[in-house]
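See below for the structure under consideration.
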Amino acid sequence: MPAPAPITLIVGDEELLVDRAVAAIVAAVRAEDPEVDVHDLVPAQVGPHTLVEVTSPSLFGDRRVVVLRSSQDLVKDLAETVTAYLKDPADDVTLVLTHAGGNKGKALLQAAQKAGAARIDCKGPTKGPERVAFVKAEFSAAGRQITPDAAQALLDAVGSELREIAAACTQLIADTEGRVDAAAVARYHSGRAEASGFTVADRAVEGRLPEALEQLRWSLAVGTAPVLINSALAGAVRGIAVVAGPSRGGSDADLAKSAKVPPWKLRTLRQQARGWSPAGIGRAMAVVAETDALIKGAGRDPEYALERAVIEIARARGRR
């Protein structure tokens, strides 16, 4: 794995691909320095002194990765602080900027490019054949194969949201052997059982812990894959982070696009976001990332990892 550049610009609004690109950079730095500190920030968590604090040269030469997500949403003063840093980056900091693309915050994007940032484009599939190709690539990366009709059947069952598609692929890869055909997809994805994961996520971000745990146990009992439940938790937390951030004067359509939800769901998200602080959102985002790693091999008990995640997320609401 090549060493990451001092500054990396990840451009695109496909959340899953952006998350994967960020994770790959963090993993590359950790391969060189397992003790590296990682600061994963969204605009709602960034105050006047935060960026200066996390990017200032360390007295002890400690390596850091600073991930600044949705940089197009930074207010003017903070964007100027980042632009100034780009002109004279610290030697012991790996800076990762994610940017949705488009005209919003374009000056910062151009400043990063001018500073020589490595660029990673994260454009998700938008057409049917592209999504089928994505499914095939997920299986290929795991050393497996899926038939074209099975790939299409999976998409028909799961829908077009890329994180859900990837989670469904992970489930099939873990629970089947050999080449996956349409019959295997039918066994695992009839009726979109993963919808129950969204109920778990809604109750968790609302702080309704007893109900969230009850829904979690029911979802697991009926066979909902842990990766799908955690995917729903991740989507709920990301949605809270978007609507709880400072208003940028955009339309509800723009906000819904950023939150990866239909416009009609913004009202629910705004209600759920009440009581959430930047510190709480940051903690919930960290829990989701930790749980993803535990479910995919770093831990021995995915069900325990999910129960812990639900408890931590519910408790993060109201954290100051």
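If we count every other residue with Cβ under 11 angstrom of residue 102's Cβ, Lys/Arg +1 and Asp/Glu -1, where does the sum land? Could the numbers behind the result be given before it?
Values: positive: 104, 106, 257; negative: 13, 254.
Net local charge, residue 102 excluded: +1.
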Rounded to the nearest Å, the spacing of the alpha-carbon centers of region 251-320 and region 115-174 is 23 Å
Residue-normalised 222 nm signal for the chain, counting each DSSP H run of n ≥ 4 as -39,500 (n - 2.57), nearest 500 deg cm²/dmol, is -17500 deg cm²/dmol
Given the candidates 316, 205, 242, the one whose Cα lies deepest towards the positive end of the charge dipole of region 195-316, counting +1 at each Lys or Arg C-beta and -1 at each Asp or Glu C-beta, is 242
When 270, 203 are arranged by how many other beta-carbons sit within 10 Å of their Cβ, fewest first, they go 270, 203
Expressed in angstrom, Rg and Dmax over the Cα atoms of region 1-125 are 13.5, 45
Counting Lys and Arg as +1 and Asp and Glu as -1 over every other residue whose Cβ sits under 11 Å from the Cβ of residue 146, the net charge comes to 0
For 89-97, 253-261, 223-231, ranked highest to lowest by mean beta-carbon neighbours within 10 Å, the order is 223-231, 89-97, 253-261
With +1 at each Lys and Arg Cβ and -1 at each Asp and Glu Cβ, the charge dipole magnitude of the chain around its Cα centre, to the nearest 20 debye, comes out at 800 debye
Neighbours of residue 36 by Cβ distance under 9 Å: Lys/Arg at +1, Asp/Glu at -1, summed charge -2
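Once you charge only the Cβ atoms, +1 for Lys and Arg and -1 for Asp and Glu, what is the size of the charge dipole of region 21-82 about its Cα centre, to the nearest 20 debye? Before the final figure, lay out the partial values.
Values: 5 positive and 10 negative charges, 27 e Å.
Taking the Cα centre of region 21-82 as origin, the dipole is about 140 debye.
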log10 I(q)/I(0) for the chain, Debye formula on C-alpha points only (no solvent), q = 0.08 Å⁻¹, two decimals, reads -0.38
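Taking region 279-308, which trypsin sites (Lys or Arg not before Pro) meet the DSSP loop condition and have no more than 16 other C-beta atoms within 10 Å?
Details: sites: 283, 296, 300, 308; in loops: 300.
Counting only loop positions with at most 16 other Cβ atoms within 10 Å, the trypsin sites (Lys or Arg not before Pro) in region 279-308 are 300.
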Inter-part gap, Cα centre of region 10-25 to Cα centre of region 96-112, in whole angstrom, is 14 Å
Here D for region 223-320, in µm²/s, from Stokes-Einstein with a Kirkwood Rh over Cα pairs at 4 °C and 1.567 mPa s, works out to 92 µm²/s
Highest mean packing first, using Cβ neighbours within 10 angstrom, the peptides 21-34, 155-168 sort as 155-168, 21-34
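Taken together, the values in this text are just the output of simple stated rules run on the coordinates, not laboratory data. Note that the coordinates shown come from a computational prediction; the quantities given were computed from them, not determined experimentally. FYI the Cβ positions are ideal-geometry reconstructions off the backbone, even for glycines, and counts take in every protein chain you see.
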